[in-house]
Amino acid sequence: ELIKICGFSVNRKKLKVMHKLSRQVVCGVSISRGMGTLKEYRRKFRHRLHHIAVNIENKRCLPNEEIKGTTDDGKPVIQTLDPANLIGKYEHIRHINERQAQPLLPLLNRVLELCGQPALQESLSAIS
């Protein structure tokens, strides 16, 4: 009703009714029981951080590199690692739900230190 009064219309193709008993996700953010990033997103990020750290520690790649897979003949596909990308993903999670980001911080700091970058500090609201 208010939409029509303001001169707009609802595009039925873009409308999705989400019931309160099911998981409600908008733009990759779960809004069912408070806001939070999807568990799968956090799991993949944690997995990536772990593999970067293990590969650098085992000297499979240099501190500024990341192994992204293997070729058909088994050789590693190496890509330049951008620590700012990792920090950005962490900050995205922390911005949505700080409690969900806290367990990722030690692993992120481990990777940053291996890459010669300064570690991130816990935010003040996470400490209190």
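Give me the pairs: first residue in the stretch 53-71 and at pLDDT 90 or above, second residue part of a helix (DSSP H, G or I) and of a type in the set (D, E, K, R), beta-carbon distance under 6 Å, and six or more apart or on different chains, which are they?
ALA53/ARG110
Is it fair to say SER32 is within 30 Å of ILE3 (Cα to Cα) and either surrounded by 12 or more Cβ atoms within 10 Å (Cβ to Cβ) or touching a strand residue (DSSP E or B) at 6+ places or on another chain (Cβ under 9 Å) (or both)?
yes
Go through the stretch 70-85 and give me each residue that's outside any helix (DSSP H, G or I) and of a type outside the set (Val, Ile, Thr).
Passing the criteria: ASP72, ASP73, GLY74, LYS75, PRO76, GLN79, LEU81, ASP82.
Can you tell me how many residues in the stretch 113-128 are at pLDDT below 90, open to solvent by 80 Å² or more (accessible area, probe 1.4 Å), over 19 Å from the mean Cα position of the chain (by Cα) and not aliphatic (A, V, I, L, M)?
Residues flagged as at pLDDT below 90, open to solvent by 80 Å² or more (accessible area, probe 1.4 Å), over 19 Å from the mean Cα position of the chain (by Cα) and not aliphatic (A, V, I, L, M) within the stretch 113-128 amount to 1.
Scan the stretch 86-95 residue by residue and report those that are open to solvent by 30 Å² or more (accessible area, probe 1.4 Å) and either assigned to a loop (DSSP other than H, G, I, E, B) or within 24 Å of VAL26 (Cβ to Cβ) (or both).
GLY88, LYS89, GLU91, HIS92, ARG94, HIS95, listed by residue number.
Inside the stretch 25-34, can you point out the residues that are under 14 Å from ASN97 (Cβ atoms) and not in a strand (DSSP E or B)?
Of everything in the stretch 25-34, those that are under 14 Å from ASN97 (Cβ atoms) and not in a strand (DSSP E or B) turn out to be GLY28, ILE31, SER32, ARG33, GLY34.
For residues in the stretch 3-24 being among the aliphatic types (A, V, I, L, M) and either closer than 18 Å to MET35 by Cβ or not in a helix (DSSP H, G or I) (or both), which is most open to solvent (accessible area, probe 1.4 Å)?
If we take residues in the stretch 3-24 being among the aliphatic types (A, V, I, L, M) and either closer than 18 Å to MET35 by Cβ or not in a helix (DSSP H, G or I) (or both), then LEU21 is most open to solvent (accessible area, probe 1.4 Å).
What pairs come up if the first residue lies in the stretch 92-114 and is over 19 Å from PRO63 (Cα atoms), the second is acidic (Asp, Glu), and their beta carbons are under 9 Å apart, counting only those six or more places apart or on different chains?
The qualifying pairs are ALA101/GLU91; GLN102/GLU122.
Just checking, how many residues over the stretch 49-85 are open to solvent by 50 Å² or more (accessible area, probe 1.4 Å), within 14 Å of the chain's Cα centre (by Cα) and not aliphatic (A, V, I, L, M)?
2
Looking only at residues that are open to solvent by less than 100 Å² (accessible area, probe 1.4 Å) and in a helix (DSSP H, G or I) in the stretch 35-46, which one is farthest from ARG94 (Cα to Cα)?
Taking the candidates together, the pick is GLU40.
The values are calculated or read from the model by the stated rules, or taken from the named source; none is laboratory data. Predicted model only: the values in this text are computed from it and were never measured. Backbone-built Cβ (ideal geometry, glycine too); neighbour counts: all protein chains shown. For accessibility, only protein heavy atoms count, side chains too; no ligands or nucleic acids. Shrake-Rupley method; radii C 1.70, N 1.55, O 1.52, S 1.80 Å.
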